[in-house]
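Worksheet: one structure, shown below.
Nothing in this text is a laboratory measurement; each read-out follows from the coordinates by a stated rule. Keep in mind the model is a prediction, meaning the values are calculated, not measured. In this analysis, Cβ positions are derived from the backbone assuming ideal geometry, glycine residues included, and neighbour counts consider all displayed protein chains.
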2 protein chains.
Amino acid sequence: MTYCLGLRLEAGIVLVSDSRTSASVDDISVYSKMHHFTTAPDRLVVLLSAGNLATTQAVRNQLLRDQENPAAERNLDNLDHLEAIAGYIGEINRQVQQNSAPGPEQASGFNPEATFLLGGQVGDGPHDILLIYPQGNYIAASRQKPFLQIGETKYGKPILDRLATADLDLGQAARLALVSMDASMRSNLSVGPPVEVAVCRAGSHQVDQRMKLYDDDEYLAGLSAEWGDGLRSVFLALPRFDWES
Amino acid sequence: MTYCLGLRLEAGIVLVSDSRTSASVDDISVYSKMHHFTTAPDRLVVLLSAGNLATTQAVRNQLLRDQENPAAERNLDNLDHLEAIAGYIGEINRQVQQNSAPGPEQASGFNPEATFLLGGQVGDGPHDILLIYPQGNYIAASRQKPFLQIGETKYGKPILDRLATADLDLGQAARLALVSMDASMRSNLSVGPPVEVAVCRAGSHQVDQRMKLYDDDEYLAGLSAEWGDGLRSVFLALPRFDWES
């Protein structure tokens, strides 16, 4: 399983991913699910992935090959807005899935689907995050709901529903994303560290802060402990029922 | 959808259920999912339900008919421990599902499954909560994880993973269950009020406190607001990254 999320703030974007992959509970590995592409200097393209690992790797490799191909009609360097890049990634995603569709002689139950979260900015266009479905179509975050999630999304959603607003500063947004990730890692063993974080200021066209937080990371441990202690304090101060002594 | 949960504390048990049923988004109703059976005075039997509404109603009706039948070999009044009651309910649940299994001429996609959460105590036996699966088998809570959930369980789980311990008093446990329910109602529209709460002291063989909290309930609104304000305060006080100014 996987948990990745992105927030689109007025100040920029924040992207966070876990790194655990599990073909089954006895086949667990660590793979980065965050890829920051080296692109033309007028743009930023960061891609988070969830789903079939063969599909996500094949999509990434195709994107890289297209970048190296001067004859490529479309690639990450020449498309002129972020939605066009999302559509292009979506098409490659569909194509890769079709290539590995199981034949009639093969076992069912195989699922080649992959979902992506694209964060970036092209030229003077707006910075944005886009969720690219296995079908190749995509959606943007909204101002009212300034976050998108892929993978094991439910455990980490309530805190985002409560606290995610577009006016958070980038540090706050990165902390909120880590709190959401922490909830997912505690409730689902198949979501695990290292946790990667990319923080990108609007207009900078680069990843301004990149963190890779391992299991024993001091900041992450402190954050989780302070959050837990704080929750407990708030909980203990909640109003009592009238039937309590 | 549905969200029901139970906590087993040293002090007793707490059961909480939502009341929204949805055959589809344009077919939403309000049904109580908490049933407190009138039983012999040496016992307490409360049943929460999730899944197919026809199945859960049929199971409840069969339990009631068996209670009224003096010749019934087994019913809620004569079984001598809570696990036996869970097994008996599980068998009825299986039988009811078999009765409504779709024929070959019928559309697929129909799911008669139901899941139950049984809370209670029989005689001098321990008070307990048991989760009864559609297959008829069941599990108990553990001391390390003193809660069980049915229905839409994920949104409300992180806060239980953080704060649920067997030494909570009954008021605290009921508040924690409501915070968990609040998270589920905010994140999933198909979980909704009124929220029913049953609080049962160990050994009392009765529901000592029963609450039905509607949409406009003052206590629930206050709890949700104080919880949200508290979360925000804790969040804003979390340690900053070293790259923040």
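Structure notes:
- Diffusion constant of the stretch A:3-236 at 20 °C, which comes from Stokes-Einstein with the Kirkwood Cα-pair radius and 1.002 mPa s, µm²/s: 117
- Overall Cα dimensions of the protein assembly as shown, principal axis frame, Å, largest first: 86, 58, 41
- Nitroxide proxy distance, nm - points 7 Å out along Cα→Cβ at B:Ile28 and B:Asp169: 3.7
- Here the Karplus relation 6.51 cos²θ - 1.76 cosθ + 1.60, evaluated at θ = phi - 60°, turns the backbone of the stretch A:131-146 into coupling constants of 9, 9, 6, x, 6, x, 7, 8, 10, 9, 6, 10, 5, 6, 10, x Hz, with x for every Gly and Pro.
- Dipole size of the stretch B:3-236 about its Cα centre, with +1 on Lys/Arg Cβ and -1 on Asp/Glu Cβ: approximately 400 debye, rounded to the nearest 20.
- When you work out D = kT/(6 pi eta Rh) for the stretch B:17-110 at 10 °C and 1.306 mPa s, using the Kirkwood radius from C-alpha pairs as Rh and the Stokes-Einstein form, the result is 106 µm²/s.
- Positive minus negative residues near B:Arg43 (Lys, Arg vs Asp, Glu; Cβ under 11 Å): -4
- Links that overshoot a 21 Å alpha carbon limit, given the list B:Lys33/B:Lys145; B:Lys33/B:Lys157; A:Lys145/B:Lys33; A:Lys212/B:Lys157; A:Lys33/B:Lys154; A:Lys212/B:Lys145: B:Lys33/B:Lys145; A:Lys145/B:Lys33; A:Lys212/B:Lys157; A:Lys33/B:Lys154; A:Lys212/B:Lys145
- With R₀ fixed at 30 Å, the C-beta to C-beta distance from B:Gln98 to B:Asp217 puts the FRET efficiency at about 0.15.
- 3J(HN,Hα) along the stretch B:183-193, derived from phi through the Karplus expression 6.51 cos²θ - 1.76 cosθ + 1.60 where θ = phi - 60°, amounts to 4, 5, 5, 6, 8, 9, 4, 7, 10, x, x Hz, with x in place of Gly and Pro.
- Exposure proxy ranking for A:Arg232, B:Arg175, based on other Cβ atoms within 10 angstrom of each Cβ and starting from the fewest, stands as A:Arg232, B:Arg175.
- Couplings 3J(HN,Hα) for the stretch A:120-130, derived from phi with the Karplus relation 6.51 cos²θ - 1.76 cosθ + 1.60 (θ = phi - 60°), are x, 7, 10, x, 8, x, x, 6, 7, 10, 9 Hz, where x marks Gly and Pro.
- Each principal axis of the Cα cloud of the stretch B:139-232 was taken in turn, and the coordinate range along them, longest first, works out to 34, 26, 25 Å.
- Inter-label distance for B:Arg74 and A:Gln106, nm, one decimal - labels placed 7 Å from Cα along Cα-to-Cβ: 4.6
- Taking label positions 7 Å along the Cα-Cβ direction at both B:Asn137 and A:Ser142, the computed distance is 4.3 nm, reported to one decimal.
- Packing-based exposure ordering (other Cβ within 10 Å, fewest first) of A:Tyr155, A:Tyr214, B:Tyr133, B:Tyr88: A:Tyr214, B:Tyr133, B:Tyr88, A:Tyr155
- Dipole of the protein assembly as shown [Lys/Arg +1, Asp/Glu -1 at C-beta], most positive-end residue of A:Gly230, A:Gly136, B:Leu82: A:Gly136
- Cβ crowding within 10 Å ranks A:Ser32, A:Ser108 as A:Ser108, A:Ser32, fewest other Cβ atoms first.
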